[in-house]
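Here's the structure, in structure tokens; my notes come after.
The values are calculated or read from the model by the stated rules, or taken from the named source; none is laboratory data. Fair warning: this is a prediction, and the values are worked out from it, not measured in the lab. Reconstructed Cβ throughout: ideal geometry from the backbone, glycine too, with neighbour counts over all protein chains shown. Areas reflect the complete protein model, heavy atoms only, side chains present, ligands, DNA and RNA absent. Shrake-Rupley method; radii C 1.70, N 1.55, O 1.52, S 1.80 Å.
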Amino acid sequence: MIGLRSWVARRLLLGVAQTAAVVLLVFALTEALPGDAAVALAGDQPDPERITAIREALHLDRPAYERLADWAAGLLHGDFGTSLASGRPVSSYIADGFGPTVLLAVLTMGLLVPAGVGLGVLAARHEGRLADRLVSSVTLGVYAVPEFAFGVLLITVFALRLGWLPPTAVGYGTDLLAHPAALVLPVLVLLSRPVCSLARLVRAGMIDALASPYVAQARRYGISGARIRYAHALPNAIAPAAQQLARTIDWLLCGVIVVEALYVIPGLGTVLMNAVAERDVPVVQGLAVVFGLTAVVLNLGADLVVHRFSPRAGVAA
Amino acid sequence: MKTLAGIRPGRFTLGLVIVAVPLALALLGPLFAGGSSGPRAPSFTLGGGHWLGTDFVGRDVWQQVLLGGQSVVLVALAATALAYLVALPLGLISALTHRTWLEELLMRPVDVLLAVPSLLLILLVAAVFSPGAVGLSLLVALVNFPDAARIVRAAAAEAASRPAVEALRMQGETWWRMAVGYVGRSIARTLAADAGVRLTGVLYLVATAAFLGVGVEPDAADWAVMVDRNRTGLFVQPWAVVVPALLIVALTMGSNLLFDAVLQRRKRT
């Protein structure tokens with residue numbers, strides 16, 4: 001285990017650098033505005049009053065490094081600034097959208113692992129036969145399909161033709177748990193890509209593991225098939241799949257934005273899209289920091305977990 | 001392995017058939033669409049001389065379908081090419097250099113960029129600028145090049161450590177001949193495989209960005225925009241949404257099946 005500690009230190013350092021990069025990148029946004037930022041942001045209503053208000057709200061009369069220091073210090077205290085459109089603190093926007101997004105994420109993650117591993121093991125057990133061919137082709141096909149196209153087709157079939165489920169979450173407010181039917185399609189769409197990727201990796205890992213000498217030896221000992229599969233082969237098959245978790249996190253963060261827009265769920269993604277449409281820069285920045293840092297932390301966590309379980313597998317750092 | 005050999009040609013044909021329809025519509029559609037859009041009909045109607053009905057502003061859906069595939073396919077191709085234009089030199093230089101500081105300088109920022117969720121970066125820029133099709137392909141290339149650069153570097157580092165490169169170096173061959181003539185050629189296959197996978201990812205990203213309104217006009221003839229804008233009329237006139245959505249599904253699904261089959265075939269030979 002020589003070098004483990006230094007690897008962890010390097011990985012943590014990379015995480016810190018990524019955090020700093022996210023904060024800098026998000027801040028650079030207002031700096032990158034062409035010409036006078038206040039005029040550019042006023043957009044369709046360029047009356048002088050509004051421009052002055054924006055200039056004051058963003059403290060554009062002060063040098064950039066001072067604003068960066070203030071903003072970063074505010075972030076540490078949970079102060080994300082105030083919205084240009086409404087004057088409300090950005091943190092209240094985040095608080096509003098937090099519940100539905102976390103609910104979606106938790107449901108998806110809770111279903112992702114059993115569904116992905118289950119499908120992967122099923123395909124590996126029947127390698128080359130009908131079940132495997134079916135699972136492999138479907139997972140390979142659905143894997144690349146954008147959520148919005150898949151989701152809109154599901155709405156057409158299940159809400160429009162069959163009338164089983166509500167087409168969107170309009171009218172249910174933020175309390176989505178009270179209306180589980182409205183959650184079925186969003187979670188299904190959110191699951192589609194990560195489940196396919198996970199199932200394919202688990203299948204490949206399982207096929208390798210089941211062909212290995214230690215599984216043959218376990219068979220000779222007369223250990224039951226289920227125990228060989230789940231207690232011996234699966235842990236080894238999971239390691240390469242876990243490495244791909246980072247990419248899955250990226251997909252889930254993107255997927256949440258699309259799914260919330262498609263099913264009109266009032267979560268963080270919807271707040272972000274509304275702010276983008278209104279060019280409400282402080283709100284966009286606050287949400288971008290939340291999304292970006294979530295990605296950095298989850299990536300770091302995934303890498304550390306993978307490294308703990310399979311130190312042989314090289315993880316970038 | 002016997003059974004595997006049985007599957008792949010099937011999957012190749014399947015992918016080819018699925019991808020052929022949207023690809024043909026995207027590339028040849030504009031030729032058959034005709035110039036003028038004709039008189040505007042009422043929104044979201046069926047029939048009345050319009051094969052697939054009308055869309056949210058009363059345009060003919062079939063004509064929009066013919067016109068709307070080009071942007072997705074062209075932006076995706078341009079973005080993939082651009083990503084490699086940056087990733088190739090970056091990866092090759094950092095793999096072939098013997099100066100550690102240069103390698104760190106080139107590759108560390110790439111590691112840092114990898115952490116930013118791709119769609120988030122695109123939305124961030126869209127909040128400030130209003131990128132057009134060119135801007136969107138630049139953005140998608142920007143979020144794709146870090147991963148491509150890492151793959152180029154990993155493949156090139158393996159090729160660069162071979163004795164052949166050492167021999168070339170001792171003979172005093174130029175850097176260009178070593179990097180492009182030998183290393184570049186020996187990693188071409190790995191790159192072709194990665195390019196296929198990346199193109200499907202880029203197609204996904206371009207379509208999703210267009211659906212969210214990035215890089216396109218709000219009434220553009222674009223399959224993803226059609227899905228978004230015609231959603232309000234889904235219950236009255238589903239064709240305006242279902243047809244472009246099906247085409248996008250077929251395009252991404254088919255290209256993924258096709259690339260996978262080609263890769264498997266290569267591996268065996």
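Suppose the filter is within 14 Å of another protein chain (Cβ to nearest Cβ), open to solvent by less than 40 Å² (accessible area, probe 1.4 Å) and farther than 28 Å from A:VAL26 by Cα; does B:GLY58 pass it? Here the answer is no, as B:GLY58 does not meet what is asked. Applying a threshold of 8 Å to beta carbon distances and a minimum spacing of six or more residues, or different chains, the list of pairs starting in the range A:212-240 at a residue that is farther than 20 Å from A:SER197 by Cβ and ending at one that is open to solvent by 70 Å² or more (accessible area, probe 1.4 Å) reads A:SER212/A:ASN236; A:ILE228/A:ARG219; A:ARG229/A:ARG125; A:HIS232/A:TYR214.
Taking the range B:126-141 as the range and being open to solvent by 40 Å² or more (accessible area, probe 1.4 Å) and either in contact with a strand residue (DSSP E or B) (Cβ under 9 Å, 6 or more places away or on another chain) or assigned to a helix (DSSP H, G or I) (or both) as the test, the residues that pass are B:ALA133, B:VAL134, B:LEU138.
Tell me whether the range B:46-64 contains one or more residues that are among the aliphatic types (A, V, I, L, M), assigned to a helix (DSSP H, G or I), at pLDDT below 85 and under 22 Å from B:LEU136 (Cβ atoms).
Narrowing the range B:46-64 to residues among the aliphatic types (A, V, I, L, M): B:46, B:52, B:57, B:61.
Subsequent filtering for residues that are assigned to a helix (DSSP H, G or I) retains B:61.
From what is left, the residues that are at pLDDT below 85 are B:61.
Checking the rest, the ones that are also under 22 Å from B:LEU136 (Cβ atoms) come to none.
The answer is no, given that none of the residues of the range B:46-64 is among the aliphatic types (A, V, I, L, M), assigned to a helix (DSSP H, G or I), at pLDDT below 85 and under 22 Å from B:LEU136 (Cβ atoms).
Scanning the range B:207-249 for residues that are open to solvent by less than 30 Å² (accessible area, probe 1.4 Å), assigned to a helix (DSSP H, G or I), within 9 Å of another protein chain (Cβ to nearest Cβ) and not polar (S, T, N, Q) gives B:ALA207, B:PHE211, B:TRP223, B:ALA224, B:VAL227, B:VAL241, B:VAL242, B:PRO244, B:ALA245, B:LEU247, B:ILE248, B:VAL249. Here B:GLY201, B:GLY254 are screened, and the one residue that is closer than 24 Å to B:LEU139 by Cα and either small (Gly, Ala, Ser) or within 9 Å of chain A (Cβ to nearest Cβ) (or both) is B:GLY201. Of the helices (runs of 4 or more DSSP H) lying entirely inside the range A:87-184, those carrying at least 1 residues that are closer than 30 Å to A:ARG279 by Cα and modelled with pLDDT under 85 are A:90-125.
Total residues in the range A:153-186 satisfying the condition of being in contact with an Asp or Glu (Cβ under 9 Å, 6 or more places away or on another chain) and either open to solvent by 30 Å² or more (accessible area, probe 1.4 Å) or within 12 Å of chain B (Cβ to nearest Cβ) (or both): the figure is 1. Taken over the range A:123-140, residues that are more than 30 Å from A:LEU268 (Cβ to Cβ), open to solvent by less than 40 Å² (accessible area, probe 1.4 Å) and in contact (Cβ under 8 Å) with a residue 40 or more places away in the chain amount to 6. Per the conditions (1) under 30 Å from A:GLU278 (Cα atoms); (2) within 19 Å of the chain's Cα centre (by Cα); (3) not small (Gly, Ala, Ser), the sole criterion not satisfied by B:ARG150 is (1). For A:ARG193, are the conditions met, namely being open to solvent by 50 Å² or more (accessible area, probe 1.4 Å), part of a helix (DSSP H, G or I) and within 14 Å of chain B (Cβ to nearest Cβ)? It is false that A:ARG193 is open to solvent by 50 Å² or more (accessible area, probe 1.4 Å), part of a helix (DSSP H, G or I) and within 14 Å of chain B (Cβ to nearest Cβ).
For the range B:1-23, a residue qualifies if it is among the aliphatic types (A, V, I, L, M) and either modelled with pLDDT of 85 or more or not in a loop (DSSP other than H, G, I, E, B) (or both), and the qualifying residues are B:LEU4, B:ALA5, B:ILE7, B:LEU14, B:LEU16, B:VAL17, B:ILE18, B:VAL19, B:ALA20, B:VAL21, B:LEU23.
Given the criterion open to solvent by less than 60 Å² (accessible area, probe 1.4 Å) and within 30 Å of B:LEU251 (Cα to Cα), identify the matching residue among B:VAL202, B:VAL183, B:VAL165, B:VAL197.
Residue meeting the stated conditions: B:VAL202.
Filtered by the rule that a residue be over 24 Å from the mean Cα position of the chain (by Cα) and in contact (Cβ under 8 Å) with a residue 24 or more places away in the chain, the range A:68-85 gives A:LEU68, A:TRP71, A:GLY81, A:THR82, A:SER83, A:LEU84, A:ALA85. When we screen B:VAL202, B:VAL180, B:VAL243 for residues that are modelled with pLDDT of 85 or more and more than 20 Å from the chain's Cα centre (by Cα), the only hit is B:VAL243.
Scan the range B:81-121 residue by residue and report those that are surrounded by fewer than 20 Cβ atoms within 10 Å (Cβ to Cβ) and of a type outside the set (A, V, I, L, M, F, W, C). B:PRO89, B:THR97, B:HIS98, B:ARG99, B:THR100, B:GLU103, B:GLU104, B:ARG108, B:PRO109, B:ASP111 - these are the residues of the range B:81-121 that are surrounded by fewer than 20 Cβ atoms within 10 Å (Cβ to Cβ) and of a type outside the set (A, V, I, L, M, F, W, C). Filtering B:ALA149, B:ALA160 for residues that are buried (at least 20 other Cβ atoms within 10 Å of the Cβ), under 28 Å from A:LEU13 (Cβ atoms) and away from chain A (no Cβ under 14 Å) leaves a single hit, B:ALA160.
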